[in-house]
Amino acid sequence: MPGGYDTEGNLTTDPGEIEKTWRVLPMGYWKGSGLSIALDLIATVLSDGNSVRTIGTFGDEVGLTQIMIAIDPAKFNTTELTDQIVNEIVNDVQLSEPEKEGGKVYYPARNPWPA
């Protein structure tokens, strides 16, 4: 799967070529990019810190803005309902068409290998 663009503007999996252009594809494509922008906005506004845009002007990667958000799902749903929602979404993801015939679809989890 491509990770970015080479110097000729073509998608590539070669990290050396991607480093030359700094044209990296966002993790998760448009969803990952959108989430990254939203989190950058939240972190910058809440901390009055440096956004991703300004960090790149320092020469070094310093002055990073970080924020931790803790959400307690028990404030919104019962444990059983939360587990049901999570299981339904994971099951749906696993029913996706795998990259290769006969392959499996994986998802992020504490145990990275689905049962």
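FYI, it's all coordinate maths here, none of it is from the lab. Source: prediction; values computed, not measured. With ideal geometry, Cβ positions are generated from the backbone for all residues, glycine too; neighbour counts draw on all protein chains shown.
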Q) Mind checking which residues of region 7-25 are in a helix (DSSP H, G or I) and of a type in the set (A, V, I, L, M)? A) 18
Q. Between a first residue in region 46-64 that is closer than 19 Å to residue 34 by Cα and a second residue that is of a type in the set (S, T, N, Q) and surrounded by 11 or more Cβ atoms within 10 Å (Cβ to Cβ), which pairs have beta carbons less than 6 Å apart while being 6 or more apart in sequence or on different chains?
A. 50/65; 51/44
Q.
Out of everything in region 72-98 that is of a type outside the set (Val, Ile, Thr) and not in a helix (DSSP H, G or I), what residue ends up being surrounded by the fewest Cβ atoms within 10 Å (Cβ to Cβ)?
A. 72
Q.
Just to verify a result, which residue in region 58-75, among those that are under 16 Å from residue 40 (Cα atoms) and among the β-branched types (Val, Ile, Thr), is farthest from the chain's Cα centre (by Cα)?
A. 62
Q. Identify, please: which residue in region 26-70 is part of a helix (DSSP H, G or I) and among the hydroxyl-bearing types (Ser, Thr, Tyr) and is, among those, farthest from residue 2 (Cα to Cα)?
A. 47
